[in-house]
Every structure is written in structure tokens, then in C-alpha cells.
Amino acid sequence: MWLINRCPRSQQRWIGQILGHIALNLPLAYVRIAKSNLALCFPELSPSQRKQLLSRHFYSIGMGVCETANTWWAPIEQVEAMAEVVGREHIAGALQAGRGVIVVGGHFTTIEIATRILGTLAPLNVLYRPTRNKLLARFLLDNTARHARRAIPYDDIRTLVSALRANEVVWYAPDQSYRNKGAAMVPFFGIPAASTTATSRLARLSGAKVLIYLPERLPDGRYRVTISEPLENFPGPDPAADVARFHALIEAHIRRVPEQYLWIHRRFKGLAADYPNYYGRDRRPQPQVPDTA
């Protein structure tokens, strides 16, 4: 990873393409998961179109590996030079309210470099989920913390709320499958998906402003990141409706750059045993998912 960061951007694009091609052609569960997700979310595409999208997606994943290297070791001047930031004034404006800022986004393949770019605008508290491998978890934590005010475990609510009450910026991505307390089945691409309603609770508890953060990898290798104005009337009376509102915003962006979303995650899980198993990991009857081959 350190050597990748030392390579010119043109070579990194080549490395990303090779890494993506290798991953796509290995017998990995991730490939099967991505195929299922694309079939579920883009039924209007033909099998050949979904196959092409799958290939572009794994190239995007390969580029994400290179971008992670840049996230960890590139100097701040280099990060700032490769990014176009739209709406940076919204963070400064939200901080003036004095109640903290919650910046929420999605799990795009650009998530690492996009988080580093966001950290150049304001000291950033980053929520993270530790991996099971303790050595790798420590390595990832150390590299995340080097460019952030604080890296906060996803279940450390006390530290998270303290940061908001100190009028700090907190970044996290609440768009993955969540089946613990506070979960709700909320449509994503028209399909019910187990989702967290924590953003509404945090905003209500702290009074923090909530902004949406959307990244895009441009054809020239640079990045455009867009920060919304604070969401109006958020949180609302129904946390599930708040999640649906977030899903609509992020889904619209995914449709602009579908290959850049992280389709290798089992997003469509249910909260009960009778929910369809879209990923073929148990003996329940499987739904008919269009073939993507």
C-alpha cells in the first residue's frame, strides 16, 4: 500500500484495474453478492448491461485500494489538490449554531479518500466498526486516527454525543445492513432493508445539524465531493421516514455513478427469519433473481 501511494496517479489507475480484474475472477462470495445486489436494484438493465456494470464496479473497488493508500500516506496538500469541494460553506455555517454537525454519507468505493478530503475542511470525528482481526484492526485505527480528531467505535455513543455537544463534526455512513436495537425495515431501491434510525436519535438528543456528503470519482482521476445544506425539519416525527429521506438522496447519487457504490455488502437482510434470503446462505427457498451472467 505504501508503494502504491508512491506511484503516479496514472500508474495507480492501472494498478486499480488489475486488482479489480483479479478480484472479479476469483471464486469470492463478494462477486456473487454484487451480482445479486445489481440484479435487485437495476432490474431494468439487461444481463449484459449488468455484467458490464459489475466489471466497472470491481475496477472501482481496485481503485478504492489505491485511494486508501493515498488516504493514509498522501500529504494534505496533495489531497486538497485532487479534490473539488462543493458546499464547503455549509459545514462552517452549521457549526455556527454551536450544537455540533453530523455528516452522513454512503459506503462508496471512494469512502476512504472522501473521508480524508472531508477532514481537510474541519477536524473530524470518524465512526468506525473494528474488524475481527485485532492486528489489522489496530493498524486501520492508527491510520484513520492520524488524519482525524478522533476515531470513535460505532457503539461508543457516549463519546459520540460528547463530541457533538462540544460543537464538533462527526462523520459516518449509516447505509449498511443493521439488525440491532433501533432497526427498521426501510425501502432502498424499492426493497425493504434493515436500516438504523440512529441519525434521528442523535440529532434529537444533541440538537446537531445533519448534512449529506456525497463523493464522486471523476474520469480525470480527481474527485468532486458535495456537502448539502443542513436538512430542514430533521429529525421528523417518524425515524423510519427520516431514513427513507436519506435513502432517497443517496439512491439518486448512486444512480449517477452506480459502479462507485459498494455492492459487495449484503445490504438486503431482514429482521425476521421469514424475510427472503437474497444471498443463498441458508436452506430457505430462494427468490427468483434475474441472471446477471
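Residue pairs whose Cβ atoms lie under 8 Å apart, sitting 6 or more positions apart in sequence or on different chains, and linking a residue in region 253-273 that is under 9 Å from T109 (Cβ atoms) and touching a residue at least 24 places away in the same chain (Cβ under 8 Å) to a partner that is open to solvent by 20 Å² or more (accessible area, probe 1.4 Å) and in a strand (DSSP E or B), are Q260/E216; Q260/R217. Report whether or not A184 is crowded, with 16+ Cβ neighbours inside 10 Å, more than 16 Å from the chain's Cα centre (by Cα) and under 30 Å from L38 (Cβ atoms). Yes. Checking each residue in region 101-128 for being among the polar types (S, T, N, Q) and within 9 Å of the chain's Cα centre (by Cα) picks out T109, T110. Do you know which residues across region 15-42 are more than 22 Å from S177 (Cβ to Cβ), aliphatic (A, V, I, L, M) and either assigned to a helix (DSSP H, G or I) or at pLDDT 95 or above (or both)? I15, I18, L19, I22, L24 - these are the residues of region 15-42 that are more than 22 Å from S177 (Cβ to Cβ), aliphatic (A, V, I, L, M) and either assigned to a helix (DSSP H, G or I) or at pLDDT 95 or above (or both).
Output the residue which, of all residues in region 155-177 that are modelled with pLDDT under 95 and polar (S, T, N, Q), is nearest to the chain's Cα centre (by Cα). Checked region 155-177; the qualifying residue nearest to the chain's Cα centre (by Cα) is Q176. Scanning region 241-265 for residues that are of a type in the set (A, V, I, L, M), assigned to a helix (DSSP H, G or I) and open to solvent by less than 40 Å² (accessible area, probe 1.4 Å) yields a total of 3.
Is it the case, given these coordinates, that L40 is without any contact (Cβ under 8 Å) to a residue 24 or more places away in the chain and among the hydrophobic types (A, V, I, L, M, F, W, C)? So L40 fails the test. The set of residues in region 43-60 that are over 22 Å from A29 (Cβ atoms) and in a helix (DSSP H, G or I) comprises S48, Q49. In region 75-186, counting only strands (runs of 3 or more DSSP E) that sit wholly within it, the ones holding 2 or more residues that are in contact (Cβ under 8 Å) with a residue 40 or more places away in the chain and in contact with a strand residue (DSSP E or B) (Cβ under 9 Å, 6 or more places away or on another chain) span 83-86, 101-104, 124-128, 169-172. Of the residues making up region 29-47, those that are over 20 Å from E251 (Cα atoms) and open to solvent by 70 Å² or more (accessible area, probe 1.4 Å) number 2.
Cβ separations smaller than 9 Å between residues 6+ apart or across chains give no pair from region 1-22 residues that are touching a residue at least 40 places away in the same chain (Cβ under 8 Å) to residues that are among the hydrophobic types (A, V, I, L, M, F, W, C) and surrounded by fewer than 12 Cβ atoms within 10 Å (Cβ to Cβ). Residues that are part of a loop (DSSP other than H, G, I, E, B) and at pLDDT 95 or above were ranked within region 208-221; the one that is nearest to L262 (Cα to Cα) is L218.
The values are calculated or read from the model by the stated rules, or taken from the named source; none is laboratory data. Everything numeric here is computed off the predicted structure, so don't read it as measured data. Heads up, the Cβs are rebuilt from the backbone with ideal geometry, glycines too, and the neighbour counts pull from every protein chain shown. Calculation scope for accessible area: heavy atoms of the full protein, side chains included, ligands and nucleic acids excluded. Shrake-Rupley method; radii C 1.70, N 1.55, O 1.52, S 1.80 Å.
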